[in-house]
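The values are calculated or read from the model by the stated rules, or taken from the named source; none is laboratory data. Fair warning: this is a prediction, and the values are worked out from it, not measured in the lab. Note that each Cβ is placed from the backbone with ideal geometry, even for glycine, and that neighbours are counted across all protein chains shown.
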Amino acid sequence: MRISELLIENLGPITKISLTFGQRDKLQPIIIVGANGTGKSILLSVVADAMIEIAKKNILIPSQPLLV
């Protein structure tokens, strides 16, 4: 499973964040850096929760962004 785009609004300290991840054929590591209390753990939690929910529903639609 691969996430191509992530949009989070009004969750914890995150007001709005929109991330687009690299091309499908070029996998690269992602490094999340920020001061304490800026939402790094929340961001990772949202991604993990979304992947679990998608796996539960067994629905993978690669052409649509993942909206959380």
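Just the residues that are in contact (Cβ under 8 Å) with a residue 12 or more places away in the chain, among the β-branched types (Val, Ile, Thr) and either more than 15 Å from residue 41 (Cα to Cα) or in a loop (DSSP other than H, G, I, E, B) (or both), please, taken from the stretch 17-30. Passing the criteria: only 20. Pairs meeting the criteria (first residue in the stretch 39-68 and farther than 17 Å from residue 17 by Cα, second residue part of a loop (DSSP other than H, G, I, E, B) and at pLDDT below 60, beta carbons under 7 Å, at least 6 apart or on different chains) are 54/60. Looking at 8, 14, just one residue is touching a helix residue (DSSP H, G or I) at 6+ places or on another chain (Cβ under 7 Å) and touching a residue at least 40 places away in the same chain (Cβ under 8 Å), and that residue is 8.
When the residues of the stretch 1-17 are filtered to those that are surrounded by fewer than 13 Cβ atoms within 10 Å (Cβ to Cβ) and out of contact with any Pro (no Cβ under 9 Å at 6 or more places or on another chain), which remaining residue is modelled with the lowest pLDDT? Give the steps one after another, and end with the answer.
From the stretch 1-17, those surrounded by fewer than 13 Cβ atoms within 10 Å (Cβ to Cβ) are 1-2, 5, 9-10, 13, 15-16; that's our starting set.
Imposing the further condition that a residue be out of contact with any Pro (no Cβ under 9 Å at 6 or more places or on another chain) reduces the set to 1, 9-10, 13, 15-16.
Values: 1: 65, 9: 94, 10: 94, 13: 94, 15: 94, 16: 94.
Only one residue fits best here, namely 1.
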